[in-house]
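Quick notes on the structure that follows.
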Amino acid sequence: MNLWLTQYFFHPGFLLGGAALIAAPILIHLINRYRYRKVRFAAMEFLMQSQKRNQKKVYLEQLLLLLLRIFIVACIVALVSRLLIDPSQMALFQGAQTHHVVLLDDSGSMQERWEETSAFQQGVAVVQKLVSTGAAAGGAQKFSMILLSQPQISVADYNERVMDETLVSDFADLNESGRIQCSFASPSYQEGLNAVRELLKNDPAAVKQLHIISDFRKGDWLGQTALLNQLNEMSEENIQVNLVQVHEKEHANLGITQLTGALHAVATGVPARLSLTVKNYDVMTSEKVRVTLTLDGNRLPMTIDVPKLPPGESSTEEFDLVFTSPGPHELVASLPADALAQDNERYLAVNVGSTNPILIVDETTGGEEGQYLADALSAAPGVTGFTASVTGVDYLRKNPLDGYVLIYLINVGSLPDDALVALEDYVRSGGGLAWFAGDAIRPDYYNEALFRGGQGLYPVKLGNVVHELQRDPSGDAGPDLKLAADYPAFSVLAAENGLLTYYISIFKSLSVASDWDQSDVARGDRVRTLALLRDQMPLMFEKPFGKGRIFASLTSAGPMLNQKSGRWNNWPQDPNAMSYTIFHLELAQHLMKTDRRLPEKIVGEPIDVQINPAKYFEEVELSLPTEEGVQIVRVMATPDPGNETTSEGNAPVMEDGLQVAQAVLRASNDRTSRPGFYQAKLTNINRQVDSRLFAFNAPPGESELQISSSVELLKRLGPESKVHLHAAEETAWLQPQQAGQEVRKFLLVLLVAILLLEQVWSYRLSYHATGGMLAGAQGGRR
């Protein structure tokens, strides 16, 4: 009961005692109505009859006088108890507390620093001023604070707190202890405002005030019509909206927005081509921008230099880096310090292999076709990063395929059933497969077992004849090979307007079936036609299969010089050997397994570690970077039903290509609020520890520090908007508007009016002798 009264009275104790005083006029009225013993005589009978005729009127007049006197006592009690209502809002029926809700922007851009402070520190200082001012003013006021990065969770212990000295002390301790910190994420204002609405919906009786404390960057506000409309809607819902800008000065900022490369193919001792992108977020040109590199905590003796970077522009620079040992490595690119530290570093996790083994299955006589390929891919493993071995079809049946990054099938006429199953599992789990044709191909088998109505490993349905391309002695018809798509492996062939394609002669190729639609769009089976012959017959294709890719060429991998079939093409021979080698190196880079590539994540995304329960124990040890150092967290993996089957609807294939009956286990953790390297350690059934490395970076969008001006914001809000805009240094808006601060004047005026009315009404109801009666009385005495 007392808690309810505090919504309407600043001193509810006086109210309970003063309420008894209301009984005083009632008692006086009852005493005056006390009935004496009646003595009847003639004159009194006449008076009693007269009184009966006017009795109702007299009762009403006396009741009105009683009510006036009760109201006088009630007004005095309300003044002493300090009634807290807002007549304009009828808060007496709604509840009279003022609820201050602070939505504090803790996005990455609020970490912008200048001098000895930051935008976030300025925002916290504004909140502290609001709390102190509210506590000093007194009255029935509540305080809640929501961080923009965690809109569904009010700051612990700061939800609907009374604004008093205890809150001031607690908030100061919260700030000094560092328990309230700015995030690096890019949260949603829409979600933040929805959380505010939900909080205020549960407090319908309060006078509502929303204070949004932010840097109000242009990218977040000026182009967000839905956000501005939502603020206007809230202001129309009797919520006073205050936008408080923590600073108005823009500072120069450079950021590294990308650090990447062909990370799945990095091998020990082989130069890895990497690239990084630097962006200038300032309005002035930056010159002599220098990026330093750190590998596994050691500064490398090399820098990446950008001579000039105009405002708003990006520059991408490529560089080569050699890793001397296999396993996971931590690479950091760094810019000199500026206003925003989080985008001055970019983190990249690289898993380096000893080599990239490729399996070549060759069914041509003597394996000559496969040897052409092996020479192109691994003649210098220290340069290409690939090692290639040539074998026959039986190898697919008897050996695991997981260790190979890519498999070539050259002139393979047919496959044993168990070899076909092994190949399908290999590609489905992420492996690459490249088919090259030859005279041993059996179209009927390929169509039935490998094409399988578009569901198998071969991308096209074959015809029953070998297509021979007619020679053009004049050369006016153009090159035999025509590129039909932009494809990574065609970079060397597409250079100089396809000059090298004029040196490639295609003599023979397999034909596609007459009932196979040659239009990729019409088929809609995700098979891409990559290259055509001069006569428009399709020649090369690519098809996704599970997590892997399949490439198919309807001509041979080599010249196929034999008496039975003759030459199929001249590509591997001089002067085409260079383009042949580069093509296959880039094809291998494109098709090869990517499971060695470590994930690149944005802060706030969870760590998800998938575990093969047949290989690892369920407990996972996570190393998380914190401001103080590295924190160790242990989590237990649980079944992940979503990974029981593959996208093709076949039997489950677990990590590393192992097929087991159990579901994949998943260990997850969402404590990824800081950029840096995160590590997961798994223990296998042999009690050996395997590590997985994750690189988390700040979102590039938080690097844009341009601020919305007050004029721009007000213009976007509209001329009829009731939203208020304030600078952090202003203090007038900090003065809390008590719900009852104007009621005291109203009560005083009302009390004076009732007192005057009571006096007039009392005088009217009382007995007064007229002048004539008074004179007669005096004459009689004479």
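The values are calculated or read from the model by the stated rules, or taken from the named source; none is laboratory data. Keep in mind that what you see is a predicted model, and the values were worked out from it rather than measured. Ideal geometry is used to build each Cβ from the backbone, glycine not excepted, and the neighbour counts take in all protein chains shown. Accessible surface areas use protein heavy atoms only, side chains included; no ligands, DNA or RNA. Shrake-Rupley method; radii C 1.70, N 1.55, O 1.52, S 1.80 Å.
For the reader, a short list of remarks on this structure follows.
- DSSP bridge pairs, the range 246-361: antiparallel proportion in percent, nearest 5: 95 percent
- Pairs beyond 29 Å (Cα-Cα), from Lys398/Lys482; Lys218/Lys547; Lys398/Lys615; Lys482/Lys543; Lys308/Lys715: Lys398/Lys482; Lys218/Lys547; Lys308/Lys715
- Estimated FRET transfer efficiency when R0 is 56 angstrom, pair Glu191-Leu295 (beta carbons, to 0.05): 0.90
- Over 24 Å [Cα-Cα, the range 312-430], rounded percent: 48 percent
- Mean separation of Cα contacts under 8 Å, 6 or more apart, over the residue count of the range 306-350: relative contact order %: 31 percent
- Surface composition of the range 141-274: carbon and sulfur atoms hold 45% of the protein heavy-atom accessible area at a 1.4 Å probe.
- Neighbour net charge for Leu457 - beta-carbon separation under 10 angstrom, K R +1, D E -1: +2
- With a Förster radius of 60 Å applied to the C-beta separation of Lys129 and Ala614, the computed FRET efficiency comes to 0.50.
- By the rule of a C-alpha distance below 30 Å, with chain neighbours fewer than 8 residues away ignored, the lysines paired with Lys142 are Lys129, Lys201, Lys208, Lys722, Lys745.
- Charge dipole (Cα centre; +1 on Lys/Arg Cβ, -1 on Asp/Glu Cβ; no other charges) of the range 291-346 amounts to roughly 100 debye.
- Binning the C-alpha pair distances of the range 466-550 at 10 Å intervals from 0 yields a P(r) profile of 15, 45, 32, 7, 0 %, listed from the shortest bin outward.
- Binning the alpha carbon pair distances of the range 521-625 at 5 angstrom intervals from zero yields the distribution 2, 8, 11, 15, 14, 11, 10, 8, 7, 7, 5, 2, 1, 0, expressed in whole percent.
- Accessible surface of the range 351-463, 1.4 Å probe, proportion on carbon and sulfur as whole %: 48 percent
- Modelled FRET efficiency - R0 60 Å, Ser710 with Met537, Cβ distances, 0.05 increments: 0.35
- Inter-label distance, nm, simple model (7 Å from Cα along the C-beta direction), Lys398/Gln181: 5.8 nm
- Per residue value of the accessible surface for the range 539-637 (all protein chains in place, 1.4 Å probe), Å²: 42 Å²
- Residues of the range 255-386: accessible area per residue with a 1.4 Å probe, Å²: 42 Å²
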